[in-house]
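Please read the structure below before turning to the comments.
Rule-based calculations on the coordinates, nothing more; no lab input. Just so you know, these numbers come straight off a predicted model, no measurement behind them. All Cβ positions, even for glycine, are placed from backbone atoms using ideal geometry, and neighbour counts span all protein chains on display.
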Amino acid sequence: MILASACLAGEKCRYNGEHRMHPVIAELGKRGKIAAVCPEVMGGLSIPRLACEIEGADAQSVLDSKARVLNMAGGDITEAVLRGCYKALDAAKKNNIKLAVLKDKSVCCAVDTLYDGSFQSRLVKGKGILALLLEHNGIRVVNSEELLAWPI
């Protein structure tokens with residue numbers, strides 16, 4: 001079983017109510033090999049919702065209570081995001097997950113890059129909160145773009 005960002009499995013759970021269906025994830029989902037999670041939704045945030053970014057784009061600082069997750073109106077949604085990330089981590093542990101395929105650029109799921117917290121569409125190197133939690137718990141995390149070369 002592989003943990004995957006729910007938007008990659010075709011669920012319309014992104015902030016704008018859309019999905020980012022990935023052909024490999026969709027096929028693996030049809031075969032029952034995907035545990036799909038959307039930390040934002042699992043934490044109680046709505047669909048659609050305002051876009052959000054991490055202050056300073058540093059997930060570890062959020063985990064250490066030194067930074068917040070803000071929506072584009074300035075609302076602090078840190079608690080909801082953390083709640084959802086920990087629920088997703090629990091799901092991974094319960095399913096004995098060893099590999100997670102996540103959508104880059106997300107506050108929660110970013111593997112390589114995410115927005116810098118300025119809401120100016122500037123990307124920086126870094127990980128999302130869920131990606132970091134999974135790695136801290138020994139789960140390998142890969143960017144969905146790496147899957148394009150995988151046979152299904």
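The amide H of Ala36, built 1.01 Å from its N in the peptide plane, has Ala4 as neighbours under 5 Å, considering only residues 5 or more places off or on other chains.
Mean separation of Cα pairs under 8 Å and 6 or more residues apart, divided by the residue count, gives the chain a relative contact order of 24 percent. Before rounding to the nearest 500, sum -39500 (n - 2.57) across all DSSP H runs of length at least 4 in the chain and divide by the residue total; then give [θ] at 222 nm in deg cm²/dmol. Counting only the DSSP helices, I get -7500 deg cm²/dmol. Mind checking which lysines have their Cα closer than 30 Å to the Cα of Lys30? Skip sequence neighbours fewer than 8 apart in that chain. List returned: Lys12, Lys87, Lys93, Lys94, Lys98, Lys103, Lys105, Lys127. Taking amide H atoms as placed 1.01 Å from N in the peptide plane, the amide H of Gly128 lies under 5 Å from those of Ala110, Val111, each 5 or more residues away in sequence or on another chain. Distance between the modelled labels on Arg122 and Lys30, one decimal in nanometres: 4.3 nm (7 Å Cα→Cβ projection). Projected onto planes of every orientation and averaged, the convex hull of the alpha-carbon atoms in segment 2-149 covers 7.9 nm².
Put a plus charge on the Cβ of each Lys and Arg, a minus charge on the Cβ of each Asp and Glu, and nothing anywhere else: the dipole of the chain about its Cα centre is then about 480 debye. Computed from backbone phi with θ = phi - 60° and the Karplus coefficients 6.51, -1.76 and 1.60, the 3J(HN,Hα) list for segment 2-18 is 10, 7, 9, 4, 4, 5, 6, 7, x, 6, 7, 10, 5, 3, 9, x, 9 Hz; x is used for glycine and proline.
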